[in-house]
Ligand code: HEC
């Protein structure tokens, strides 16, 4: 009896491991960052944007998460993002960025956006807990 149970568990373990393996093969490959993205990444770090903003939920919580701002229908335009970067608001300081720095920050945020979703929509969650691409 015990033997049958062990065999069943081991078989199930291999079936599930195989399923996870297939799932991990289908995962999107990260897109290589180009020069503009890399310089935006540097500005992001040098200007400490992460102390107030999160990427994938990591960072400060004074400002909003910016992981997927670039694909947001209302906020994803260059103009919208650059307006905050250029002037700041009463809550976000004006960091006196150059036009070049803002352009590369926008490239960086667009690149981050393509890497995945911060909030996984309900319809993208498979019953096993994996993501449906
Ligand atoms: C001192 C904290 C702080 C720092 C540092 C900061 N921000 Fe912000 N940021 C905020 C806050 C707070 C808001 C929300 C502003 C509002 O609603 O008035 C914001 C808003 C934004 C928005 C618009 C977000 C939206 O959902 O509308 C963008 C884009 C942005 N910040 C980019 C940046 C970038 C890029 C940097 C680094 C160069 C940066 N921020 C640095 C606090 C900060």
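Some points to look at:
- To the nearest ten degrees, helix 78-87 and the longest principal axis of the Cα atoms of the chain are 60 degrees apart.
- Theoretical FRET efficiency, 1/(1+(r/R0)^6), r = Cβ-Cβ of residue 32 and residue 1, R0 41 Å, to 0.05: 0.15
- Region 60-133 shape via C-alpha gyration tensor axes, a/c threshold 1.5: prolate
- Working ranking of peptides 35-47, 80-92 by packing, defined as the average number of other Cβ atoms within 10 Å per residue, highest first, is 35-47, 80-92.
- Highest average first, the peptides 101-109, 67-75 ordered by how many other beta carbon atoms sit within 10 Å of their residues are 101-109, 67-75.
- Shape category assigned to the chain from the gyration tensor of Cα positions, a/c cut at 1.5: prolate
- Crossing angle, helix 35-46 versus the chain [Cα axis fit, 0-90 degrees, rounded to tens]: 80
- 0 to 90° range, to nearest 10: angle between helix 99-114 axis and the chain longest Cα axis: 20
- Spin-label model distance (nm) - residue 74 vs residue 99, 7 Å beyond Cα toward Cβ: 3.0
- Inter-label distance, nm, simple model (7 Å from Cα along the C-beta direction), residue 11/residue 115: 4.3
- Think of it as helices only: each DSSP H run of n ≥ 4 in the chain is worth -39500 (n - 2.57), and spread over all residues that comes to -15500 deg cm²/dmol at 222 nm.
- Selected from 99, 123, 79 as most flexible by GNM, with the chain as the system and alpha-carbon contacts under 10 Å: 123
No lab work stands behind these numbers, since they all come straight from the coordinates. Everything numeric here is computed off the predicted structure, so don't read it as measured data. All Cβ positions, glycine included, derive from the backbone under ideal geometry; neighbour counts span all protein chains shown.
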